Number of protein chains: 2
Amino acid sequence: MAKRPQGLVLVHTGEGKGKSTSAFGLALRAVGQGLRVFLIQFIKGTWKTGEAAAARRLAPELEIRVGLGDGFTWITQNPDQDRLTSREIWKIAREAVFSKKYNMVIMDEINVAMSLGHLDPEEVIAALRERDPALHVVLTGRGAPQALIDYADLVSEVRSIKHPYDRGIKAQMGIEF
Amino acid sequence: MAKRPQGLVLVHTGEGKGKSTSAFGLALRAVGQGLRVFLIQFIKGTWKTGEAAAARRLAPELEIRVGLGDGFTWITQNPDQDRLTSREIWKIAREAVFSKKYNMVIMDEINVAMSLGHLDPEEVIAALRERDPALHVVLTGRGAPQALIDYADLVSEVRSIKHPYDRGIKAQMGIEF
């Protein structure tokens, strides 16, 4: 067993709630250990006001990057545009992986970009293979491709057993946003 | 629809990793919204050093209570003692519910105490029914009793698809502790 910490590849997938929330929890735990964490969002609107505000309390160890900024609209009616946007965000995520600045890189909702065909899973996996072996990488979102599941060290699936929307309850501040 | 926020009862259960991590993520989001959160642990050792350290960065909005303190050893060889301990922690959790000091109360690993028979689910559900209707309550841990699932607004199950221990990889700082 190497003396250096062994970086893990974690995948949070499934249809249920809590995948991004869990990634935020992982960031919280890692920051508490003094690790430096980079968290980038592939789909705008998954993070809500509360998360961004609280995440700032974890600076400077935690750096967050909300995709391509406020002007970014995901899932347009234009697949070419979506593919271009996905690739631009991936470029930033990939740079973070190879920057040697972080102990953990969280790519929130990247699985969705892959499952929609906007990003090639093999390209993502190639970057994971080439990364510093001590770096932890977390990839969230429904529809994680099988090749990524095969490559990952830890894969969790969140299943929704019951959801308040089923009962006509509106989104609540602090829970859903 | 009432103008006051409607408190939700959220249950995180299942065998997979990430239930407590997700609860920490929920606390992070809620604090970011300016909500006051009380988080109490029913099983010692589920929270690791990193989480407790980072959680302090979210004070004063987030208050954490690690069960009955450092001297608390869970799952002794003495079921009577475990039952007593569970009930003492429940007493603190229940007081938090009715204290009117919080917008969200997170009972981490309480489902385990119920599934082991140390705590009566009906007593827990009775407290949930009697709470301020605006209060959010989050109950985590494997083995959530059916009566709680029936009562809850949102239930997520975390399934483990793959775990690094299967491959002989040791626990890594910042991920597992």
Subject >> Estimated FRET transfer efficiency when R0 is 22 angstrom, pair B:Ala53-A:Ser99 (beta carbons, to 0.05) >> reply: 0.35
Subject >> Other-copy label distances relative to B:Gln6, 7 angstrom Cα-Cβ extension, nm >> reply: 4.8
Original post:
For A:Asn78 and A:Arg36 in the same chain, what is the full-extension length gain: residue separation times 0.36 nm, less their Cα-Cα distance, in nm?
Top reply: 11.5 nm
Subject >> Exercise: per-residue mean of other protein chain Cβ atoms within 10 Å, A:6-12 >> reply: 4
Original post:
For the residues A:Ser20, A:Ser99, B:Ser156, what sequence is obtained by ranking on other C-beta atoms within 10 Å, fewest first?
Top reply: A:Ser99, A:Ser20, B:Ser156
Original post:
So how much slack lies between B:Ser115 and B:Glu130, counting 0.36 nm per residue of separation and subtracting their Cα-Cα distance, in nm?
Top reply: 3.2 nm
**OP:** Please turn the phi angles of segment A:99-107 into ³J(HN,Hα) values with the Karplus equation 6.51 cos²θ - 1.76 cosθ + 1.60 (θ = phi - 60°), one per residue in order, whole Hz, x for glycine and proline.
**Re:** 6, 6, 8, 10, 9, 8, 10, 10, 10
Original post:
Within straight cross-link reach of A:Lys91, meaning Cα distance under 20 Å, which aspartates and glutamates are found once same-chain residues fewer than 8 apart are removed?
Top reply: A:Glu63, A:Asp70, A:Asp80, A:Asp82, A:Asp108, A:Glu109, A:Asp120, A:Glu122, A:Glu123, A:Glu130, A:Asp132
Subject >> Pairwise FRET efficiency - B:Ile92 versus A:Gln6, Cβ, R0 = 30 Å, nearest 0.05 >> reply: 0.20
**OP:** Evaluate peptide A:144-155: per residue, the Cβ atoms of other protein chains within 10 Å of its Cβ; return the mean as an integer.
**Re:** 3
Original post:
Sequence-distant or interchain residues sharing an amide H contact under 5 Å with A:Leu139, placed H: which?
Top reply: A:Leu10, A:Val11, A:His12, A:Met107
Subject >> Distances in nm from B:Ile149 to the matching label points in the other copies, shortest first (labels 7 Å along Cα to Cβ) >> reply: 2.1
**OP:** Between the label point of B:Ile161 and that of the same position in each other copy, find the distances and list them shortest first in nm, with every label point placed 7 Å from Cα along the Cα-to-C-beta direction.
**Re:** 2.0
Original post:
Taking A:Lys162 as the anchor, which aspartates and glutamates have their alpha carbon closer than 19 Å to its alpha carbon, excluding any fewer than eight residues away along the same chain?
Top reply: A:Glu15, A:Glu176, B:Glu15, B:Asp150, B:Asp153, B:Glu157
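Every read-out reported here was derived from the displayed coordinates using simple, explicitly stated rules and does not represent laboratory data. All figures in this text were calculated on a predicted structure; none of them were measured in a lab. Because the Cβ atoms are built from the backbone with ideal geometry, glycine has one as well, and the counts that use them run over all protein chains shown.
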